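The values are calculated or read from the model by the stated rules, or taken from the named source; none is laboratory data. In this text the structure is predicted, and so the values were computed from the model without any measurement. Backbone-built Cβ (ideal geometry, glycine too); neighbour counts: all protein chains shown. Calculation scope for accessible area: heavy atoms of the full protein, side chains included, ligands and nucleic acids excluded. Shrake-Rupley method; radii C 1.70, N 1.55, O 1.52, S 1.80 Å.
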Amino acid sequence: MALTMLNGLLIKDSSPPMLHQISKTPQLDAFNYQSCFMQDLFAHFPEVLFIHRTYNPRGKVLYTFLVDGPRVQVEGPLARAVYFAIPTNEDARGLAQMFQVFKKFNPAWERVNTILVDPHFLLLPTLTMEFPTAEVLLSAFHICKFLQGKFYQLPLEQSVQRLLLSSLQSTMCSATAGNLRKLYTLLNNCIPSSRLPELHSHWLLNDRIWLAHRWRSRAQSNRYFQSLEIMAHILSQFFGTTPFEKQGMASVFRYMQQNSSDKASLSLAEAPQDSHTPSEASPENPNTEQLVEARIQHSLNAICTGPAAQLCLGELAVVQKSMHLIGSGSEKMSIQILEDTHTVQPQPPASCSCYFNQAFHLPCRHILAMLSARQQVLQPDMLPAQWTSGCASSLDSILGSKWSASLDKHLAVTLLTEEVGRLLQHCSEEEFERRYSTLRELADNWIGPYEQVQL
């Protein structure tokens, strides 16, 4: 099914593929795709190549190549994409094969001057070997996401966290040497000295990194980061949440087809070299909900363990499709998502009356809907310590096990007994005796009069 869908989407592409390689199973051993439009786009703007990586639950990684730089006047989250690839393995050999296929179909690769990557890209020798004349730099966007993740992970006061996030956003939109130095000083003052090396704050003082970004005005920087934020969110939502690579890629291509107007905004007439101003037809502002959901997704990945993040991302996927906030009060909110209404307690640790939250003690779709409605992100104190990143490696095997009817029944009974216990604790003495007698009679009749049942 996924194979048929993916092939169908590739065939229907208004810009037929110059290259696509797929296999006959739901999982892809290797995948390379580039349409004629993508090839033309890269041929016009090959100077700066931006590489973004997206992992799925199976550990396979999608490489997305985008054109970057002052001459690229293309709007839309994926409108700058020029190549999609899933290497057989993310090792030196697998990446070398991927880059060689890209180079074979793109003679303009020899004009690549700069390649922008994320801080976790470890196979730099392979990259420099395949692009010997290009300078490899960390991208401003990925540094920003890296620091955001660290701010969420560290045990900081909320006021300090808000100050750091606000200062980071302001600095990224105006990355002058002075602003970067101020942010560097702020990190040294706010972050405990024992945790400061984790942030790699020296990146802020590497002027070569920021020269590749500093040419943008504040308005251009804001649009640039928003566009990349939505791009990363789209790829994570469609490819990063399914273990079936073909299904994920089919969803990505379907999105690109449905938003093909992004492609129409491109004029392949090259912009003047010294023109750094945006085009007269200003793009529409990115959807606020998409940006909020992208930030929630990032906070989940930054704070939670891998298994916990996958469970919560599944809940977030439901929120993204349909969400109805039907009532709120000073302490509790009523959330309805095409199902029964549940009650959310937003104060840390956040809780909900739904089955998912009561069973796993993780942020459910209702808590995530509340965060989305308030334009907030997940905080470390909103989930138990055992789900916090780095504290629950043994949970992988538990979550990987198959669901059973007996476990389902056990959880249901556990929730019921906990609720009954809470009610008994808060009722009057007279009411307690009456309810206890009822339970006592029920237990004796159910199990038998000859066995003493402890309630």
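Determine the sum of side-chain charges near L49: Lys and Arg each +1, Asp and Glu each -1, restricted to other residues whose C-beta is under 14 angstrom from that of L49.
Once positives and negatives cancel, what remains is -1.
Give the accessible area for K246 in Å² (nearest 10); use a 1.4 Å probe, count only protein heavy atoms, and leave out ligands, DNA and RNA.
That residue has around 0 Å² of solvent-accessible surface.
Compare the peptides 428-438, 171-181 by average per-residue count of other Cβ atoms within 10 angstrom and give them in order, highest first.
171-181, 428-438
Stokes-Einstein diffusion coefficient for the range 159-236 at 10 °C in a medium of 1.306 mPa s, Rh from the Kirkwood formula over Cα pairs: what value in µm²/s?
Estimated diffusion coefficient is 117 µm²/s.
Per the 1.4 Å probe, what fraction of the accessible area of the range 85-228, in percent, lies on carbon and sulfur atoms?
Carbon with sulfur: 54 percent of the solvent-accessible area.
Summing Lys, Arg as +1 and Asp, Glu as -1, what charge do residues with Cβ under 10 Å from the Cβ of P155 carry, P155 excluded?
Residues close to P155 contribute a combined charge of -1.
Determine, for each peptide in 372-384, 65-77, 112-124, the mean count of other beta carbons within 10 angstrom over its residues, then list the peptides with the highest first.
Top of the packing list down: 65-77, 372-384, 112-124.
Which three lengths, in whole Å and largest first, does the range 1-259 cover when its Cα atoms are put on their principal axes?
The Cα atoms of the range 1-259 stretch 55, 36, 35 Å along the principal axes, largest first.
If I model a spin label at C427 and F105 as a point 7 Å from the Cα along the Cα→Cβ vector, what separation in nanometres do I get?
A separation of 6.9 nm, rounded to one decimal place.
L316 accessible area, nearest 10 Å², 1.4 Å probe?
Spelled out: L316, probe radius 1.4 Å, area about 0 Å².
As a test question: what accessible area, to the nearest 10 Å², does M256 have when a 1.4 Å probe is rolled over all protein chains in place?
Answer for M256: close to 50 Å² accessible.
When only the heavy atoms of the protein chains count and the probe is 1.4 Å, how do F31, F37 rank by accessible area, highest first? Walk me through the numbers before you get to the answer.
Numbers: F31 0, F37 40 Å².
Sorted by accessible area, descending: F37, F31.
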